[in-house]
């Protein structure tokens with residue numbers, strides 16, 4: 001019986017060893033490759049989720065940029081309406097005359113403009129016209145005029161300013177502190193669109 005028991009035990013051990021080898025082979029050839037595929041798919045899913053999040057963010061940024069471009073274009077169109085066009089001399093005379101009245105400016109002479117390309121940065125699709133304007137005003141009124149003019153007309157650049165006390169002949173005894181001024185201004189000019 002002892003022999004029979006040993007034989008059964010030996011078979012049982014062989015069967016257990018065969019089962020373990022079978023389980024090991026199944027794990028090695030079937031489960032481990034599937035785990036590797038699952039891990040690779042998990043990495044691929046993470047990468048695709050990252051790409052999707054980046055694409056969604058890019059879409060949001062594109063929408064934000066489009067909105068910003070639209071708002072900036074509207075702002076540019078509004079500012080561009082204040083660019084001189086047509087008869088530049090008449091435009092400048094009208095601007096200075098209407099704007100200078102509340103500041104008690106006596107405009108003496110506005111010289112014909114010198115038109116040409118702009119030499120100052122940045123490069124813009126406009127021409128420039130240089131005006132020389134002479135006149136008289138009180139120091140206080142001229143200062144207020146100049147501050148308000150530069151705020152209201154940002155596309156007109158004061159290039160040169162000369163101030164001198166008004167001569168005795170021009171001076172009004174009731175308004176002391178008058179001065180004569182000479183301003184050289186550069187104005188952006190929008191060229192007329194060419195006819196098709």
### Query
Are there any pairs with C-beta distances below 7 angstrom linking a residue in segment 86-107 that is in the same structural domain as residue 155 (by TED's automatic domain parsing) to a residue that is loosely packed, with under 14 Cβ neighbours inside 10 Å and part of a helix (DSSP H, G or I), with the two at least 6 apart or on different chains, and if so which?
107/97
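Take the residues in segment 96-115 that are in a loop (DSSP other than H, G, I, E, B) and touching a strand residue (DSSP E or B) at 6+ places or on another chain (Cβ under 8 Å), then tell me which one is surrounded by the most Cβ atoms within 10 Å (Cβ to Cβ).
It comes out as 105.
The values are calculated or read from the model by the stated rules, or taken from the named source; none is laboratory data. Because the structure is a prediction, the values reported are computed rather than measured. Glycine gets a Cβ as well: all are built from the backbone with ideal geometry, and neighbour counts include every protein chain shown.
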